[in-house]
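The block underneath contains the structure these notes are about, expressed in structure tokens.
Nothing in this text is a laboratory measurement; each read-out follows from the coordinates by a stated rule. Computed from a prediction, not measured in an experiment: that's the story for all the values here. Heads up, the Cβs are rebuilt from the backbone with ideal geometry, glycines too, and the neighbour counts pull from every protein chain shown.
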């Protein structure tokens with residue numbers, strides 16, 4: 001069990017050595033705060049961690065701080081509430097709205113997976129049970145407390161948090177946690193998932209202003225986005241697929257990625273770079289998130305770019321758009337009446353309706369699967385991008401004869417250059433912990449931070465616990 005210490009400490013309970021399951025426990029005298037509360041996704045070994053004990057009683061946590069509403073940052077909240085957590089979950093207003101959408105969809109998918117496993121007999125558990133239920137989501141959602149961007153809010157007896165715009169998805173923030181204690185005040189900052197300066201919908205991240213200890217993401221720590229090349233590859237794949245009579249399946253994260261794709265399709269059609277074709281949005285969660293983005297446009301949210309606000313209600317409408325809400329409507333996308341563009345969750349093809357479309361459309365060489373964002377190791381999207389000729393879906397093997405194109409520059413994550421630029425003007429922390437990245441990406445970003453900024457940078461191990469030091473005391 002993790003016990004309270006006199007010296008502030010930090011434990012890496014997720015998001016270390018992997019891009020998923022982000023959970024960072026800040027522990028100081030009288031206060032325990034959890035920075036993000038994500039679900040592990042990807043390989044079976046990672047998913048099993050969702051069922052393992054946390055190592056401390058959830059009831060003793062004073063608060064959870066959510067940087068944003070993606071499942072790998074908020075998806076464990078219902079399990080935490082199920083285990084006794086009753087404190088506030090602090091997040092921006094848009095994160096609060098989107099988190100409820102994400103969690104309710106997650107509970108539904110977990111229930112469907114358990115039911116499918118029981119009916120097909122492919123689980124070793126009898127019966128297979130979901131990690132959490134809709135009732136657990138109700139408990140978690142009731143705890144979410146919206147706070148204003150750039151406004152200090154209490155996060156425990158001796159802690160305050162300030163959230164600053166991160167530009168990753170609507171409502172996303174980087175967190176500044178200020179701790180008081182016998183050893184003097186210290187500040188822990190977490191980048192959450194940092195957005196790209198050139199995000200097509202959102203304003204850039206607010207600058208990093210410094211902290212004693214920094215958690216910085218490394219999803220693309222060893223890569224650079226090439227936006228022009230990605231856009232050209234995206235348009236080319238769509239055009240040649242439609243011309244050969246095939247359909248395009250785009251596994252897309254329901255929150256933000258779907259909106260970015262819709263905006264890109266609108267621009268490409270207006271410029272004549274792709275032919276007209278039906279656009280099918282098949283994800284209840286994506287449609288719920290789209291409504292929140294549309295409401296943000298209508299209310300002229302300061303998080304959105306001026307050109308998006310200027311376009312108004314049409315900003316995310318590519319034309320010939322059909323929303324597939326019911327199961328019978330979803331099934332029509334398995335065999336489209338005409339060549340179509342099918343945008344469906346989940347983005348890494350780990351679950352959701354997109355699996356049914358892949359099972360039916362992958363065996364046909366006329367079709368194309370477009371991988372448009374980061375795909376973690378162990379996910380079907382990563383297997384497809386790596387050239388797999390057969391993948392397993394719902395206990396059955398499916399041949400891959402469709403074309404597969406990876407265009408990961410559509411990701412909403414900052415690349416390595418973006419992260420270094422975000423850090424460059426800030427004062428040096430005592431330590432920068434490089435998290436939320438696969439080992440090679442995290443190591444590459446650590447080395448660049450060390451070499452280019454002269455900062456002490458560390459890639460922590462999953463489960464590691466470290467003491468939080470003041471940057472003033474750490475400097476020579």
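General remarks:
- Diffusion of segment 333-476 by Stokes-Einstein, at 4 °C in a medium of 1.567 mPa s and with Rh set to the Kirkwood radius over alpha-carbon pairs, works out to 71 µm²/s.
- Each peptide in 142-150, 169-177 was scored by the mean count of other Cβ atoms within 10 Å over its residues; highest first, the order is 169-177, 142-150.
- Rg to Rh, two decimals, where the chain supplies the alpha carbon set and Rh follows Kirkwood: 0.96
- Inter-label distance, nm, simple model (7 Å from Cα along the C-beta direction), residue 314/residue 209: 4.0 nm
- Shape descriptor for segment 1-104: Rg over Rh equals 0.95 (Cα atoms; Rh from the Kirkwood inverse mean 1/r).
- Potential lengthening between residue 113 and residue 464 on full extension [0.36 nm per residue; Cα-Cα distance subtracted]: 123.2 nm
- Sorting the segments 211-217, 413-419 by their residues' average number of neighbouring beta-carbon atoms within 10 angstrom, most packed first, yields 211-217, 413-419.
- With both residues required to sit in segment 227-410, DSSP beta bridges show an antiparallel share near 20%.
- Relative contact order [Cα under 8 Å, 6+ residues apart], the chain, whole percent: 19 percent
- Cα-based convex hull volume of segment 233-331 per residue, rounded to whole Å³: 103 Å³
- Sorting 427-436, 72-81, 291-300 by their mean Cβ neighbour count within 10 Å, with the most densely packed peptide first, gives 72-81, 427-436, 291-300.
- Secondary structure note: in segment 69-228, about 70% of the DSSP beta bridges are antiparallel.
- Mean ellipticity per residue at 222 nm, deg cm²/dmol - from DSSP H runs of n ≥ 4 across the chain, formula -39500 (n - 2.57): -9000 deg cm²/dmol
- Compactness of segment 81-174, taken as the C-alpha radius of gyration over 2.2 N^0.38 Å, stands at 1.37.
- Measuring nothing but alpha carbons in segment 227-410 and taking Rh as the Kirkwood radius, the Rg to Rh ratio lands at 0.95.
- All Cα-Cα separations within segment 174-301 were binned at 5 Å from zero, giving a P(r) of 2, 8, 13, 16, 16, 15, 11, 7, 5, 3, 2, 1, 1, 0, each value a whole percent of the pairs.
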